[in-house]
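The values are calculated or read from the model by the stated rules, or taken from the named source; none is laboratory data. If you're wondering where the values come from, they're calculated on a predicted model, not measured in any experiment. Virtual Cβ from ideal backbone geometry, glycine too; neighbours counted across all protein chains shown. The area values use the complete protein model at the heavy-atom level, side chains included, leaving out ligands, DNA and RNA. Shrake-Rupley method; radii C 1.70, N 1.55, O 1.52, S 1.80 Å.
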Amino acid sequence: MKQKIPIIILIAASLVLLALITPSFLHNKSHEISNNQLVASHIYGLIEGNIQRPIGIASGLSSDEFLVRALEREDKTDLKSMEEMMASYLTSMKNQFGYEASYVVSEKTKRFYTNHGIEKIVNPQVDPYDNWYPMFLESGQKLQVESNRDQLFDYRWSIFVNARIIGAEGKTIGVCGIALPLEDWKKMLLPLEKEYRVKINLIDTQGLVHIDTDFNNLRNAYISEALLDNANDRTFTHTEKGRNGFRMTRFIQNLNWYLVVQGNNYIEAQIAGTAAIILINIFLLMSILLIILDHKKFYHHDLVKSSLPEDELTGLPNRNYLKESYGELGVFNTTRYKSLAVFDIDHFKIINDGRDGDKIILGIVDLAKKVVDERGIIFRWSGDEFVLFLEMDSKEAIERFNQFCENAKKDFEVTVSVGIVDVDLSATIKTNYYRAVQACYAIKESGGNGVGKR
């Protein structure tokens, strides 16, 4: 009993110290959360302020009586006069509001007007970049904000604010919009990230990153875990990440995006409180170990945690595997792969709401494995999207995937869109991937359930 008295005293002292420090620690924690809320609200206000004006201008242009009448009378106006009139109109908009890139697309003729005249005819079958136009019209939205590359300005990353133009009869007669260089937003957000030691992102309702100061992440990275915060447009949610990290999330109604602010807690009092609690836990642990050793009951467990970068549902390698093997901007380090394919299930979100999505995914993966037949590798990229490196030329791949589409429809009552390209060994894997994605989108635009080659 005498040997146990020091241990009992140590435990009692530790508990008293814990009781004294915990309220202070909790107060500091509450203060830290409050500070984080203020920082996130400041960032939210800057973003709202910078996007409200272009949204307002785009909305105003869409209801401009001159523009509406010009598009309604387009078929009665000769081409040269119409082009000059639209160029003059958009030039005046540029001079008045200061935005370098503004545009109008006619639903009747599919002409893409800028202040320089007619830049192109919108046709997704010819140029997959034009898919944005029919997708916006089909969405039913009056206004849409998205990030993408701007073909007219050396494919620079831009924020596009698109507004639907409604004619006198209530039908859509075109789309107008403004393109904002993302480089300007980077200059605004990067100082904030450095000052507050946070990471700022804007993501869509699928978790896809649309705004990031690192352009490598644009429309390439996902922050899907932020969707689980169930944020609204009234206030920020606050989620703890690891020991000292946090994530603040808030929905921005005008953008239909979520603002995500992530960082670490740095208040010295919190660090001191954490250190004190750690010391107390060490004392408690030592005391408990002494008691256990005294009774000769000591147990040891080896915990092994797998960190293999593979998809949990399908067991396939995922995009993390690809990054680890080839690097973020890697190139093919072998000539064995002759073609690259991308496929996804058409309208999967709707299908998943009414059926067992996991079962369908697993069935489609089994069909894809038969197509590959150990002559390639399949990656689960995200959701229902898969990427394949194939040891066969594109001609053979197209034949195999046409049968794959038929089997998917027959066995699982779903359709699949597939894009295939010949591997360009001189280009990055990412470039080859985007070419295949464009071919896949072209098939989707034509109704899905097929194979396209670019």
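Heavy-atom accessible area with a 1.4 Å probe sorts Leu38, Leu322, largest first, into Leu38, Leu322. Within the stretch 37-109, none of the GluC sites (Glu not before Pro) combine a DSSP coil assignment with at most 10 other C-beta atoms in a 10 angstrom radius. Largest first, the residues Met86, Met188 sort by 1.4 Å accessible area into Met188, Met86. Within the shell of other residues whose beta carbon sits under 11 angstrom from the beta carbon of Glu391, the net charge comes to -1, with Lys and Arg scored +1 and Asp and Glu -1. These residues, Glu312, Glu396, Glu119, Glu406, go from largest to smallest accessible area, 1.4 Å probe, as Glu312, Glu406, Glu119, Glu396. In this view, the solvent-accessible surface of Arg400, computed with a 1.4 Å probe and all protein chains in place, comes to about 70 Å². Other residues lying with their Cβ under 13 Å from the Cβ of Ser224 contribute a combined charge of -1, Lys and Arg counting +1, Asp and Glu -1. Using a 1.4 Å probe on the protein heavy atoms only, what accessible surface does Ser88 show? Give it in Å² to the nearest 10. Counting only protein heavy atoms, Ser88 exposes about 80 Å² to solvent. At R0 = 56 Å, how high is the FRET efficiency between Ile166 and Thr334 if r is their beta carbon distance? Nearest 0.05 is fine. Step by step, r from the Cβ atoms, then E = 0.55. Cross-link pairs exceeding 18 Å between alpha carbons, from the set Lys338/Lys395; Lys187/Lys323; Lys370/Lys409; Lys370/Lys410; Lys323/Lys430: Lys187/Lys323. Across the stretch 68-121, C-alpha contacts under 8 Å between residues 6 or more apart give a mean separation that, scaled by the residue count, equals a relative contact order of 30 percent.
Taking Cβ atoms as reference points and 15 Å as the exclusive limit, the residues near Leu46 contribute a net charge of +1, counting Lys and Arg as +1 and Asp and Glu as -1. Globularity index of the stretch 70-182 is 1.02 (Cα radius of gyration / 2.2 N^0.38 Å, N = number of residues). Extending 7 Å from the Cα toward the beta-carbon at both Arg234 and Ala427 defines two label points whose distance is 4.9 nm.
Compute the relative contact order of the stretch 303-454 as a whole-number percentage, counting only Cα pairs closer than 8 Å that sit 6 or more residues apart in sequence. Could the numbers behind the result be given before it?
Working: 254 pairs, mean separation 43.7, N = 152.
Once divided by the residue count of the stretch 303-454, the mean separation gives 29 percent.
Each residue was assigned an accessible area with a 1.4 Å probe, and for Trp132 the value is about 40 Å². Projecting label points 7 angstrom from Cα along Cα→Cβ for Tyr326 and Lys108 puts them 4.7 nm apart.
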